[in-house]
Each structure stands twice: as structure tokens, then as C-alpha cells.
1. What number of residues within region 72-102 satisfy the criterion of being surrounded by 15 or more Cβ atoms within 10 Å (Cβ to Cβ) and either modelled with pLDDT of 95 or more or over 22 Å from residue 122 (Cβ atoms) (or both)?
2. Of all residues in region 56-66, which are part of a loop (DSSP other than H, G, I, E, B) and closer than 23 Å to residue 179 by Cα?
3. Does at least one position in region 101-123 carry a residue that is out of contact with any strand residue (DSSP E or B) (no Cβ under 6 Å at 6 or more places or on another chain), touching a residue at least 60 places away in the same chain (Cβ under 8 Å) and within 22 Å of residue 59 (Cα to Cα)?
4. Which of the residues spanning region 131-147 are surrounded by fewer than 20 Cβ atoms within 10 Å (Cβ to Cβ), under 21 Å from residue 74 (Cα atoms) and either modelled with pLDDT under 95 or out of contact with any strand residue (DSSP E or B) (no Cβ under 7 Å at 6 or more places or on another chain) (or both)?
5. Hey, could you check region 166-190 for residues that are surrounded by fewer than 13 Cβ atoms within 10 Å (Cβ to Cβ) and touching a helix residue (DSSP H, G or I) at 6+ places or on another chain (Cβ under 6 Å) and say which is nearest to residue 38 (Cα to Cα)?
6. Looking at (1) touching a strand residue (DSSP E or B) at 6+ places or on another chain (Cβ under 6 Å); (2) farther than 28 Å from residue 37 by Cβ; (3) not in a loop (DSSP other than H, G, I, E, B), which is the only condition residue 82 fails?
7. Pull up region 111-139, narrow it to residues that are within 22 Å of residue 38 (Cβ to Cβ) and assigned to a loop (DSSP other than H, G, I, E, B), then point me to the one that is nearest to the chain's Cα centre (by Cα).
């Protein structure tokens, strides 16, 4: 094996066995997220499973953390930093024209972020503002502890916090008629 190839292999092995395996794209830069927890992973998996099951045979598409979103695609009226991609934990896009094989070009209909201590302020403030300005129709902030979900729905003035849901509540997804997420299932498997 060549020295260069061996060095790359060691670098990959070192990175893949470190505690900093998860990265988030923030303003076009990969930033390590250090405290991915069991709870975060379980919540993510359960929400994806529930939404994917509901969306079977429907036109909306479920996408996630590895699929970049250009929230302000095609808009010239925004600063350059808004033109960089974000990668939400979970998103649903109902306008198939926004999707190509590499990215989403425009605001998703639903965005879900699962908060942790390392990203809480970013998701509550910066991403909230970005998603609101971009025209995301519904934004969920999921808190593993204490087990709750803040649901924000867009009206003519921007986001309105519709309700804070607790761990035994059932949450209707306003942008997906008929879809209800049972938080007892989401938080109960922790």
C-alpha cells in the first residue's frame, strides 16, 4: 500500500472511531456535533419510520440529514450566507419540482430538528430564523429531555408556536392531512 493511501486509510479509521462521527452542515461548513446520544438516534429513527410509513404511495418525499437544502434557491433578495445549504435532521418536501438527485432547491414543507446540548441554541435561534424567512410551512423542535416537541406553523406573519406537546400527546402534522405522530411511541422506546 502506498504511503499516501495508508495515511488516508488511517485518517478515515481515526475519524470513524472517534466520538465526533456526526457532522452538520452549517453555513456551508461541516461542523462536528459531539454529543449525539442514544436518545437522539432513537427519536430520529422512530420519526423517520412513522413518517415514511404514512407517506407510502403519496407524492411528498421524506429526506434527511445527508440531503442538502438550498432554502433560498433562486432568490436574489437575500444575503450570501443564506444561499448556503443546510441539512435538517428530517424534512418532507411535497413539491417534487424542488428536488433533484443532489439537493432540495427551496423550502421544505416540514422540517424537524432533534435538539441536543451542542445544537440547541443553533436550532432554536439561527435555524428557526432561517426556516421562517425561507417559507418552511411547519417546523418541529424535538427535545429528548424533557420529552417534548415545539410545533411552529407558518401563517402570513411567519411562524406561530402552535403548541408544546408532551411525551404522551398525539401531534397532528398540519402539512400532511391525516398524519398524526404518537409521541408515546417516539419517546417510549428510550
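1. Of the residues in that region, 8 qualify.
2. Once the filter is applied, which keeps residues that are part of a loop (DSSP other than H, G, I, E, B) and closer than 23 Å to residue 179 by Cα, region 56-66 yields 56, 57, 58, 59, 60, 65.
3. Looking through region 101-123, none of the residues is out of contact with any strand residue (DSSP E or B) (no Cβ under 6 Å at 6 or more places or on another chain), touching a residue at least 60 places away in the same chain (Cβ under 8 Å) and within 22 Å of residue 59 (Cα to Cα).
4. Listed by number, the residues that qualify are 132, 133, 135.
5. 189
6. Result: residue 82 passes all but (1).
7. The residue in question is 115.
The values are calculated or read from the model by the stated rules, or taken from the named source; none is laboratory data. Here the structure is a predicted model, which is why all the values come from computation and not from measurement. Glycine gets a Cβ as well: all are built from the backbone with ideal geometry, and neighbour counts include every protein chain shown.
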